[in-house]
Amino acid sequence: FMSSLPSDKVKYDTTSEEIYSLSDQSKKIAEGIEENVTIYLLASETEKDTSLYEFLERYAAENDKIKVEQKDPVLYPNFASDYTDEDVTKNSVVVVSGKRGKYISYHDIYVSESSLNYSTYQYETSASFDGENCITSALDYVTSEDLPKVYLLTGHGEESMSKYSSEINNTISSENITLEELSLVKEGAVPEDADAVIIFAPTADIAEDELSMLRNYEKTGGKFYVLTDFLENDMINLRALLADFGMETVDGIVLENDKQYYYQYQSYLLPDILSHEITTPLSGKYYLLMGNAQGVKETDDIADNIQVSPLLQTSDSAYSKVDGYNITTYEKEEGDIDGPFYLAAASVAKGEDYTAQMVYVPSTMFLSDQLNQLISGANHDFFMNALEWLCDREDTISIRAKSLDVEKLSIDEQTALNWEI
């Protein structure tokens with residue numbers, strides 16, 4: 001009788017990170033499903049991963065529209081072929097609705113990967129349980145009427161995001177967001193199916209005609225995600241687009257003078273995480289690490305219909321070195337600009353019949369795998385939270401893989417100094 005009761009009622013998750021429990025976001029998505037969905041575990045009875053099966057049952061406990069079944073791949077060898085071309089591994093999962101289905105490899109649920117430790121310059125192997133992210137993403141995929149489509153602007157010497165991070169494109173895909181490149185010169189306009197446009201690390205300014213196209217998109221309720229390196233003064237049209245949303249950059253590169261706000265180097269910033277829908281899942285739990293960032297501020301003539309919300313902010317003792325990348329000393333000099341500064345901001349611009357949004361991060365280095373590893377993946381979480389916010393998908397914000405290893409502790413320079421003493 002006890003074994004027939006739902007797993008979430010009689011079996012308790014005692015792991016330190018609650019590996020086999022569902023987050024509030026997953027519960028909300030599961031509860032909101034209004035059509036029949038079946039989650040299949042592909043395994044025989046003797047090879048079944050019991051912990052994984054019980055984890056899947058926790059979704060079924062949230063909504064009677066969700067069912068969990070076991071499919072023996074020996075008895076049903078072609079079952080998964082409708083959903084994947086991969087070689088099917090035992091204890092993989094298939095999630096199916098009336099609209100579509102999705103295959104999830106066992107190796108995507110239990111992830112083992114090697115990465116370079118930039119402190120010791122040695123490769124280390126880590127393991128994590130990414131089951132919640134995979135299953136929740138699959139439930140969202142098979143039940144959503146429309147899946148977001150985001151365009152990545154090209155034609156201005158932009159760097160590839162994959163150059164900074166080997167993982168970020170897969171992360172975007174796992175959130176059921178389609179990413180395609182966009183050349184405004186070829187297309188002549190932002191496509192109508194665009195949920196957002198990413199402008200990432202341009203090295204040349206956008207043209208006047210392109211600015212006009214982006215402004216036309218803005219007036220249809222367009223969403224922009226802008227990430228830049230040191231923004232030169234000759235980027236007139238890109239600066240004009242930022243000004244449309246009440247934001248502009250501060251000259252120079254931001255350095256911290258407060259040891260509690262940087263990690264090892266004064267240009268590796270650990271900003272305060274301010275309150276917003278984007279940052280709520282991270283605030284008070286994680287650091288965010290910014291490298292070679294510019295400061296952001298509101299424009300002096302900001303319009304009444306624009307609301308700028310800071311997301312990250314330096315300490316009061318921060319200052320901006322006006323020489324930018326050409327600095328010769330970390331010491332504050334005459335002409336340097338006093339802080340505090342925003343290091344990321346979100347803006348909402350309301351017109352008569354539209355509401356446009358923008359998130360601006362004046363650092364592309366924060367997306368790098370190196371910085372992301374130093375603070376347990378929080379930088380990529382922030383990036384995805386902002387993208388989900390722009391795509392009006394806050395319910396899927398910040399579903400993290402749960403480490404099966406001991407997590408490293410990142411501390412600011414003041415804390416490190418205290419322990420050293």
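The values are calculated or read from the model by the stated rules, or taken from the named source; none is laboratory data. These numbers come from a predicted model, not from an experiment. Counting neighbours? That spans all protein chains shown, and the Cβs are built from the backbone with ideal geometry, glycine included. Just so you know, the surface numbers come from the protein's heavy atoms only, side chains and all, with ligands and any DNA or RNA stripped out. Shrake-Rupley method; radii C 1.70, N 1.55, O 1.52, S 1.80 Å.
When the residues D64, D49 are ordered by accessible surface, computed with a 1.4 Å probe over the protein chains alone, the sequence from largest down reads D64, D49. In the context of the full set of protein chains, the chain has a per residue accessible area of 49 Å² (1.4 Å probe).
Between the helical axis of 50-62 and the longest alpha-carbon principal axis of the chain there is an angle of about 80 degrees. For segment 135-144, backbone phi angles converted through the Karplus equation (6.51, -1.76, 1.60; θ = phi - 60°) give residue-by-residue couplings of 6, 5, 4, 5, 4, 5, 5, 7, 10, 6 Hz, Gly and Pro being listed as x. Taking 0.36 nm per residue of separation and subtracting the Cα-Cα distance, full extension of the segment from R215 to V348 would add 46.5 nm. Round to the nearest 10 and give me the degree value, 0 to 90, for the angle of helix 208-218's Cα axis relative to the longest principal axis of the chain. Tilt relative to the chain: about 50 degrees.
Element breakdown for the chain at a 1.4 angstrom probe: carbon and sulfur atoms account for 44% of the accessible area. Label zone of E180 (point 7 Å out along Cα→Cβ, amide N under 11 Å): in segment 149-173 this covers 149-152.
The length gained on full extension between E124 and N170, counted as 0.36 nm times the residue separation minus their Cα-Cα distance, comes to 14.4 nm. Over the chain, DSSP H runs of length four or greater, each weighted -39,500 (n - 2.57), average out per residue to a 222 nm ellipticity of -6500 deg cm²/dmol. The lysines within cross-link reach of K28, meaning a Cα-to-Cα straight distance under 28 Å and a gap of 8 or more places when in the same chain, are K9, K11, K48, K65, K67, K71, K99, K102, K149, K223, K285, K402. Given that just one value was derived from the coordinates, which of (i) 23.3; (ii) 29.5; (iii) 22.6 is Kirkwood radius over Cα pairs in Å? This structure yields the entry labelled (i).
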